[in-house]
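To start, the structure itself, in structure tokens.
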Amino acid sequence: MDYTVLAAEELKTLRDKRISEKAIRLQVVELETLLRTCEETHPPGEKKDVRCKILKSNIEKEKERLEKVSKEIARIEGALEALDEEEAKILCMSYVEHRSMEDIAMKEHISRATAFRKRERALENFTRALFGVVRS
């Protein structure tokens, strides 16, 4: 099995995962604000209404989603940090920012063929950092 395909797919999802993480954080803050308001309208000792219970449940679910997405991001970013700066930059431009190889070559002042070779080597190194293996 060629793990570089899976590694490339992980990189392609990094931007969306970062956006999702921010959105979930905001959702948790909004739900916690609603819960405080709900609890203030029902003093201690008074029976909590169903809405407060639902809000608490939703907060826990969102926090679980946030933890999962944050771990996925940390895993991908950790593998990127294992690379040298140039490799990480080329992979991010290619897979995260979806730039063309021509654009990358121009930006890095290298030939298109060199850009492809560097990306291939960087992807193999990223795959090793992420999965511990390139092919099995």
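The values are calculated or read from the model by the stated rules, or taken from the named source; none is laboratory data. All of these numbers come straight from a predicted model, not from anything done at the bench. Positions of Cβ are generated from backbone atoms using ideal geometry, with glycine treated the same way; all protein chains shown enter the neighbour counts. SASA here: full protein model, heavy atoms, side chains in, ligands and nucleic acids out. Shrake-Rupley method; radii C 1.70, N 1.55, O 1.52, S 1.80 Å.
Can you work out the accessible area per residue across region 1-63, with the rest of the protein chains kept in place, probe 1.4 Å, in square angstrom?
Here the residues of region 1-63 average 69 Å² of exposed surface.
Hey, if you put +1 on the Cβ of every Lys and Arg and -1 on every Asp and Glu Cβ in the chain, which of LEU80, ALA113, LEU31 ends up farthest toward the positive end of that dipole?
The one lying farthest along the dipole's positive direction is LEU31.
Under 14 Å between C-alpha atoms is the cut-off here; go through region 15-136 and count lysine pairs that meet it, provided they're at least eight residues apart or on different chains.
So the count of such lysine pairs works out to 11.
Taking just the alpha carbons, could you work out the radius of gyration and Dmax for region 79-136, both in angstroms?
Answer for region 79-136, Rg first and Dmax second: 11.2, 35 Å.
Summarise the accessible area of the chain (1.4 Å probe, protein heavy atoms) by the percent that is carbon and sulfur.
Summing carbon and sulfur atoms, their accessible area is 53 percent of the total for the chain.
May I ask you to give the solvent-accessible area per residue for region 75-136, in square angstrom, as obtained with a 1.4 angstrom probe?
Each residue of region 75-136 exposes 57 Å² on average to a 1.4 Å probe.
Roughly what % of Cα-Cα distances in the chain sit above 23 Å, to the whole percent?
On the way: 4628 of 9180 pairs.
Counting pairs separated by more than 23 Å, the tail of P(r) holds 50 percent.
List the cysteines of the chain that have no other Cys Cβ closer than 4.7 Å: which are they?
So, CYS92.
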